[in-house]
Amino acid sequence: MKIGIAAPLSIALVNGGVKTQVLQTTKHLKNIGLDVEFIHLDQTHFDYDLVHVFAAGPETVGISKQVADSGIKLVVSPVFYSNRSTSTISASLKVEKTVSGIGSGIRSDFGIKSEICNWADLVLPNTRSELELVRDGLKVPPSKLHMIPNGVESRFAESTPLLFQKTYGVKDFVLFVGQAGAPRKNVIQLLKAASNLDEQIVIIGSFYENDYSRQCLEIVNSLTNVLLIENMEHDSPLLESAYAACKVFCLPSLYETPGIAAMEAALAGANISITRKGGTTEYFRELAHYFDPNNQDQLESSIRNALLTENSSELRDHILSNFTWEIVAKKTARAYSIIS
């Protein structure tokens, strides 16, 4: 079986979860013997048995339609989450179809995602929550849906704290890693919590030239316990070491599906304080400390509880048993066989 992999060009600009998902899935599919290669989004000729598109949206709608029209099997990992209810999403799509029917031609992001997923032969959500949104909100037939989890590199289980401690002189801190300037990551809430915490807060990630980032940096400038470090490459030994050196890894995001960085930190031994939005509880179960990302008191309480909790290997072992990229690749290959 020859497989083409397509993903938005925008993932090349940031070291985010979608980029990691695409690269690691492709790498480990090759490792188990599949013939896999990346394809261009503007490609019109497809010499493949199957094309797997990551991130259903405006950037991938064109190639998804081309593949579907060509008769080649189309697999889609939608990378979709919304705080809106399935009924609200479904109702908005009905209105959109009615308006389009009388000539506007306007399509929302929901409409584009629904089209792509309905063109697909197989749709691979990462969480049960995402599956329900796709099924009940985007109205994709259940027969097309097959849940495949996100993954993590097992190398993080071998991380040690010494390099980060030697470089920055801190340990047992609260750590965030990610796109700090992206409002969805909700770092501003973590920074607000920092003023009520005695522990060092370390932010690894870049801020942008936008109002949100400026608000965050104003808070940072008023505090003495926040260390900002520019974004690190995903294969950086310093990043591995940072995970091992922290006491608590915190993801205050508005939602995560499920937060690859949190899985990496958990493998390195960190306690996890994380948003409960977006399917995180499906991965971390009762082994993490959860909060509503819009509730400042819950966030601070979650971090404090995580700081007071003894580090254990239980979460690390759970992730190693269920969510490594080796496991994800095998599940993905089995899913392909459903339609091949």
Does the stretch 173-184 contain at least one residue that is at positive phi, crowded, with 17+ Cβ neighbours inside 10 Å and not β-branched (Val, Ile, Thr)? yes
Does at least one position in the stretch 262-278 carry a residue that is in contact with an Asp or Glu (Cβ under 6 Å, 6 or more places away or on another chain) and within 13 Å of Asn150 (Cβ to Cβ)? yes
What helices (runs of 4 or more DSSP H), lying completely within the stretch 259-340, carry at least 2 residues that are over 20 Å from Gln189 (Cβ atoms)? 260-267, 280-284, 314-322, 325-339
Could you please tell me which pairs satisfy a Cβ distance under 9 Å, a separation of 6+ or placement on different chains, a first residue in the stretch 54-66 that is within 8 Å of Pro8 (Cβ to Cβ), and a second residue that is among the aromatic types (Phe, Trp, Tyr)? Ala55/Phe80; Gly57/Phe80; Thr60/Phe54
Collect the residues in the stretch 149-161 that are exposed (fewer than 14 other Cβ atoms within 10 Å of the Cβ) and more than 17 Å from Met232 (Cα to Cα), keeping them in residue-number order. Glu158
Could you check the stretch 209-236 and list, in sequence order, the residues that are closer than 21 Å to Ile260 by Cβ and either surrounded by 15 or more Cβ atoms within 10 Å (Cβ to Cβ) or not acidic (Asp, Glu) (or both)? Ile229, Asn231, Met232, His234, Ser236
Anything in the stretch 145-165 that is small (Gly, Ala, Ser) and either without any contact (Cβ under 8 Å) to a residue 40 or more places away in the chain or assigned to a helix (DSSP H, G or I) (or both)? List them, or say none. Ser154, Ala157
Residues Ser90, Ser82: which one is surrounded by fewer than 21 Cβ atoms within 10 Å (Cβ to Cβ) and part of a helix (DSSP H, G or I)? Ser90
Please work out if Ser321 is over 18 Å from Ser195 (Cβ atoms) and at pLDDT below 95. no
Which of the residues belonging to the stretch 233-263 are without any contact (Cβ under 8 Å) to a residue 40 or more places away in the chain, within 18 Å of the chain's Cα centre (by Cα) and over 18 Å from Ala306 (Cβ atoms)? Asp235
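May I ask you to list the residues in the stretch 199-231 that are part of a loop (DSSP other than H, G, I, E, B), of a type in the set (A, V, I, L, M) and in contact (Cβ under 8 Å) with a residue 60 or more places away in the chain? Spell out how you get there, then give the answer.
Within the stretch 199-231, the first condition is being part of a loop (DSSP other than H, G, I, E, B), and the residues that meet it are 199-200, 205-210, 222-225, 230-231.
So of that shortlist, the ones also of a type in the set (A, V, I, L, M) come out as 223.
Of everything in the stretch 199-231, nothing turns out to be part of a loop (DSSP other than H, G, I, E, B), of a type in the set (A, V, I, L, M) and in contact (Cβ under 8 Å) with a residue 60 or more places away in the chain.
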Against the definition (in contact with a helix residue (DSSP H, G or I) (Cβ under 6 Å, 6 or more places away or on another chain) and either assigned by TED's automatic domain parsing to the domain that holds Arg107 or closer than 13 Å to Ala120 by Cβ (or both)), how does Gln24 come out, yes or no? yes
Which listed residue, of Arg285, Arg334, is surrounded by fewer than 16 Cβ atoms within 10 Å (Cβ to Cβ) and in the same structural domain as Glu130 (by TED's automatic domain parsing): Arg334
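The values are calculated or read from the model by the stated rules, or taken from the named source; none is laboratory data. These numbers were taken from a predicted model, which means no experiment stands behind them. Reconstructed Cβ throughout: ideal geometry from the backbone, glycine too, with neighbour counts over all protein chains shown.
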